[in-house]
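Derivation of every value follows stated rules applied to the coordinates shown; laboratory data play no part. Everything quoted here is computed from the prediction, not taken from an experiment. Counting neighbours? That spans all protein chains shown, and the Cβs are built from the backbone with ideal geometry, glycine included.
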Amino acid sequence: MRPVVISGTGVFTPRETITNAELVTAFNAYATAENETNADAIAAGDVEPLAMSNEEFIFKASGIQQRHVMNKSGVLDPDIMHPKLPQRDDGEPGIMAEMAVDAARKALAAAERKPEDVDAVICAASNHERAYPAIAIEVQELLGIQGFGFDMNVACSSATFGIQAAADMIRSGSANCIIMVNPEICSGHLEWRDRDCHFIFGDVCTAVVLEAKENATSDEQFEIISTRCMTKFSNNIRNNNGFLRRTRPDGVGDRRDMQFMQNGRQVFKQVVPIVSQMVVEHCTDEGIDPTKLDRMWLHQANKSMNDFIGRKVLGREPTREEQPNILQDYANTSSAGSIIAFSQNSNDLAAGALGIICSFGAGYSVGNVIVRRVG
Ligand code: CO8
């Protein structure tokens, strides 16, 4: 089977940012107003007052300092607390397709490829703007790519599962060059009125060009040595949005059931050992000593989680170079996080260096991509 390389990556970063301080000010204004509205019920013991958020907690619990968003004013308005995005008619490009086209153009330039060199588009993300037509097919149209496109969703692991799907197609000969995009508007799916999770997510889009090694010309090549994907059902990260919503007796009304829900503590405790073990076993099965990995580009949800996995895999405290984090600037961007880390922290590696892109999240799902820098 033909060897496959990642020959270019691109990142679309939204212009607007929200710092933890701005976020907490908006949340606390909302919570104070709610508590005032419910003052009598709170005094009577019928309603629990909303607790205030704080910056120190957010940074200590997650390592996040700020996030990029597609719309800041709506999120920070205590009367709205979600992004406000302009209505587009059906003839206009979708917002996710637009983000993806920007990231894809950057990835194609890095890979020294033109749209006519590409024969498939995969849009791998945790929330798609609509069910159909596929975002990938719209991106294909906007870029002028022949062939085919499809959407896939494995939540935070969408990108690594997408890389495996693309690599398998190229290896087997059904495609020569594939672009995979990961548009994530997590701000639209996050409940900004919930103190336990309002700080977690941000928006971004990443893109990865994969092609047969024999055709690749760029100087940013990483050969895909091996991929491994795993899923194990869990309700600890979930949302109940979907086309069946209106059919449920309790399916209309408050928006909370349409948004991201998680039992963060449980996720942390259960996912960390699964990921550490899977990375160690995958490397060992490939004849790679995991402690000799030059770099780990991990899913970007929580700094302590990444530190823990890094220590387990490398058998020592990873340096910032060995295990780069970007979550302090971007927050959790779901499927895009490990790809941002890879895109921004891989060019310095010498030929022959070994690394692993590893994502994990809802499902549960874990995806590994072991890569070697091509000289
Ligand atoms: N300010 C002040 N105090 C707070 C706040 C806040 N904002 N939030 C919670 N607290 C309080 C709690 O009430 C609790 O108080 P008490 O001890 O009195 O009960 C205390 O702080 C501790 O709360 P937690 O136990 O919740 O805090 P943790 O230390 O566990 O930290 C985290 C919370 C940061 C969420 C942590 O648990 C975590 O990162 N877990 C892992 C999360 C993860 O990896 N999730 C998977 C990724 S998501 C995914 O897969 C993609 C899904 C699809 C994408 C969706 C796009 C939107």
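Okay, here's what the table says:
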quantity: Neighbour net charge for THR284 - beta-carbon separation under 13 angstrom, K R +1, D E -1; calculated: -2
quantity: Interchain or long-range residues, amide H under 5 Å from ALA353's placed H; calculated: ARG373
quantity: Centroid-to-centroid separation of the range 135-180 and the range 31-103 [C-alpha atoms, Å]; calculated: 32
quantity: Positive dipole terminus of the range 82-179, leading residue within PHE148, ALA136, ILE178 (C-beta point charges); calculated: ILE178
quantity: Whole-Hz couplings from phi, Karplus 6.51/-1.76/1.60, listed for the range 356-365; x for Gly and Pro; calculated: 9, 8, 9, 10, 7, x, 4, x, 4, 9
quantity: Derived scalar couplings ³J(HN,Hα) [the range 91-104; Karplus, 6.51 cos²θ - 1.76 cosθ + 1.60; whole Hz; x for Gly, Pro]; calculated: x, 8, x, x, 5, 5, 5, 5, 4, 5, 5, 4, 5, 5
quantity: C-alpha long axis of helix 158-172 to longest principal axis of the chain, angle in °; calculated: 20
quantity: Test item: Cα-centred dipole of the chain, Lys/Arg +1 and Asp/Glu -1 on Cβ, debye; calculated: 900
quantity: The range 45-103: C-alpha gyration tensor shape, a/c 1.5 cut-off, then a/b vs b/c; calculated: oblate
quantity: Volume per residue that the Cα convex hull of the chain spans, once the total is divided by residue count, Å³; calculated: 142
quantity: Anchor LYS312: lysines whose Cα lies under 22 Å away (excluding residues fewer than 8 positions away in-chain); calculated: LYS60, LYS232, LYS269, LYS292, LYS303
quantity: Computed [θ] at 222 nm, deg cm²/dmol, the chain (DSSP H ≥ 4; -39,500 (n - 2.57); rounded to nearest 500); calculated: -10000 deg cm²/dmol
quantity: Acute angle (nearest 10 degrees) that the helix 20-37 long axis makes with the longest principal axis of the chain, alpha-carbon atoms; calculated: 30
